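Peer 1: Take a look at this one; I'll ask things after.
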Amino acid sequence: MFGDAMNRFFAAVRFLTMIPVPGRLGLAEQDLAGSLPCFPVIGLLAGIVAAGAAAVISPYFAPPVTAVLVVLLLLFVSAGLHMDGLADTADGFFSSRPREKILAIMRDSHTGAMGVMAIGAVLLLKVAALASLPEGGIMLAALLMPLAGRAVLVWLTAYVPYARPEGGLASLFYQGGNRGAAWWSLLLLGGVCWLLAAEAGLVVLAVVLLCTFFFGGYCQKKIGGVTGDTLGAGCELAETVVALTLSCKPLFILWEGSDYVFRPWW
């Protein structure tokens with residue numbers, strides 16, 4: 001059982017990051033199919049790396065430079081996988097075409113104008129939001145962003161049907177056990193949010209859940225469910241929502257009264 005769990009973990013590492021995995025660990029199709037519970041763990045590890053990098057960088061650079069470097073680090077760790085899904089989703093959803101044509105556009109490897117604009121908008125929003133935060137806030141956001149993004153991948157897979165009748169890579173994750181993985185993801189994200197930011201963290205959790213609900217509903221209305229591309233888009237949108245929520249001025253009311261916010265344990 002331990003060996004199966006490790007194979008699933010390494011399958012998630014291979015799928016979600018560009019970290020090299022030795023040998024044939026996690027290469028089997030069934031390992032990837034059962035790797036959903038590992039997604040938020042991978043997100044948390046990526047967040048710890050990003051937060052640590054922010055802690056090292058921020059004393060030497062202005063907040064805008066730190067923000068850019070953190071965003072680039074997160075993009076590098078994921079090898080742009082989710083950003084590519086965002087671009088394809090934008091090209092398809094904003095094409096004003098019927099469902100079948102939207103799915104065909106999303107499968108096209110070329111990136112159109114809408115995709116480029118979506119990538120630019122998300123990158124700008126992330127950088128601007130992070131740059132507006134004090135040093136501890138950048139570290140907090142850097143940790144929560146990838147965790148929330150990978151949790152959203154699990155939630156969408158658990159509660160929104162797969163849209164392509166012919167199947168695809170993401171259809172591997174629709175082989176059962178997704179609801180349990182979704183609850184585990186919720187508990188992990190909620191626990192980390194509370195531990196590091198108390199009430200403000202719970203606000204972040206609530207906003208991410210609300211946006212995921214609306215995005216999943218929009219995908220189902222638009223194309224009948226989700227695809228690998230819309231899952232990637234959901235991940236990127238969740239990361240952006242975390243950064244924007246933490247940078248929202250009314251949330252400073254909670255921050256000022258909390259002993260947790262901007263005073264992370266590291």
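The values are calculated or read from the model by the stated rules, or taken from the named source; none is laboratory data. Quantities reported herein were computed from a predicted structural model and do not represent experimental measurements. Glycine gets a Cβ as well: all are built from the backbone with ideal geometry, and neighbour counts include every protein chain shown.
Peer 1: Please verify whether segment 16-31 includes one or more residues that are assigned to a helix (DSSP H, G or I), among the β-branched types (V, I, T) and under 17 Å from the mean Cα position of the chain (by Cα).
Peer 2: No, segment 16-31 has no match at all.
Peer 1: Can you name the number of the only condition in (1) in contact (Cβ under 8 Å) with a residue 40 or more places away in the chain; (2) more than 26 Å from S247 (Cβ to Cβ); (3) part of a helix (DSSP H, G or I) that A104 fails?
Peer 2: (1)
Peer 1: Restricting attention to segment 65-84, which residues are modelled with pLDDT under 95 and of a type in the set (G, A, S)?
Peer 2: Across segment 65-84, the qualifying residues are S78, A79, G80.
Peer 1: Then there is this: All but one of (1) of a type in the set (S, T, N, Q); (2) in a helix (DSSP H, G or I); (3) farther than 22 Å from A151 by Cβ hold for T89; state the number of the condition that does not hold.
Peer 2: Among (1) of a type in the set (S, T, N, Q); (2) in a helix (DSSP H, G or I); (3) farther than 22 Å from A151 by Cβ, T89 violates only (3).
Peer 1: What tally of residues in segment 121-132 results from selecting those that are at pLDDT below 95 and either of a type in the set (D, E) or crowded, with 24+ Cβ neighbours inside 10 Å (or both)?
Peer 2: Residues flagged as at pLDDT below 95 and either of a type in the set (D, E) or crowded, with 24+ Cβ neighbours inside 10 Å (or both) within segment 121-132 amount to 0.
Peer 1: State whether one or more residues within segment 218-231 are in a helix (DSSP H, G or I), touching a residue at least 60 places away in the same chain (Cβ under 8 Å) and touching a Cys at 6+ places or on another chain (Cβ under 6 Å).
Peer 2: yes
Peer 1: Determine which member of the set V71, V65, V77 is under 20 Å from A128 (Cα atoms), buried (at least 18 other Cβ atoms within 10 Å of the Cβ) and among the aliphatic types (A, V, I, L, M).
Peer 2: Result of the check over V71, V65, V77: V71.
Peer 1: Looking at segment 148-162, I want the residues that are more than 12 Å from A181 (Cβ to Cβ) and have a partner that is outside any helix (DSSP H, G or I) with Cβ atoms under 6 Å, at least 6 apart or on another chain. Which pairs are those?
Peer 2: As it stands, the answer is V160/G225; V160/V226; P161/G225; Y162/Y174; Y162/G225, since those pairs meet every condition given.
Peer 1: For residues in segment 41-56 being over 20 Å from F173 (Cα atoms) and small (G, A, S), which is surrounded by the fewest Cβ atoms within 10 Å (Cβ to Cβ)?
Peer 2: Here the residue is G52.
Peer 1: Picking from A181, A206, A158, A198, which residue would you name as being at pLDDT below 90 and surrounded by 13 or more Cβ atoms within 10 Å (Cβ to Cβ)?
Peer 2: One residue alone meets the criteria, A198.
Peer 1: OK, next. Within segment 61-82, does at least one residue satisfy the condition of being without any contact (Cβ under 8 Å) to a residue 60 or more places away in the chain, in contact with a Leu (Cβ under 9 Å, 6 or more places away or on another chain), part of a loop (DSSP other than H, G, I, E, B) and on the phi < 0 side of the Ramachandran plot?
Peer 2: Yes, the conditions are met somewhere in segment 61-82.
Matching residues to (1) out of contact with any Phe, Trp or Tyr (no Cβ under 9 Å at 6 or more places or on another chain); (2) over 19 Å from L16 (Cβ atoms); (3) modelled with pLDDT of 95 or more; (4) not in a loop (DSSP other than H, G, I, E, B):
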{"site": "L210", "(1), (2), (3), (4)": "yes, yes, yes, yes"}
{"site": "V242", "(1), (2), (3), (4)": "yes, no, yes, yes"}
{"site": "P250", "(1), (2), (3), (4)": "yes, yes, no, yes"}
{"site": "L254", "(1), (2), (3), (4)": "yes, yes, no, yes"}
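Peer 1: Any residue in segment 160-179 that is over 21 Å from E100 (Cα atoms), outside any helix (DSSP H, G or I) and polar (S, T, N, Q)?
Peer 2: Looking through segment 160-179, at least one residue is over 21 Å from E100 (Cα atoms), outside any helix (DSSP H, G or I) and polar (S, T, N, Q).
Peer 1: Please find, within segment 111-138, the residue that is farthest from the chain's Cα centre (by Cα) out of those that are under 26 Å from G52 (Cα atoms) and not in a helix (DSSP H, G or I).
Peer 2: For segment 111-138, the residue satisfying everything is P134.
Okay, residues lined up against (1) exposed (fewer than 15 other Cβ atoms within 10 Å of the Cβ); (2) at pLDDT 95 or above:
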position	(1), (2)
A104	yes, no
S109	yes, no
G112	no, no
A118	no, yes
P134	yes, no
M139	no, no
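Peer 1: Here is a further query. Tell me, please, whether a residue that is surrounded by 13 or more Cβ atoms within 10 Å (Cβ to Cβ), in contact with a helix residue (DSSP H, G or I) (Cβ under 9 Å, 6 or more places away or on another chain), under 26 Å from L133 (Cβ atoms) and modelled with pLDDT of 90 or more can be found in segment 21-40.
Peer 2: Yes, that holds for at least one residue.
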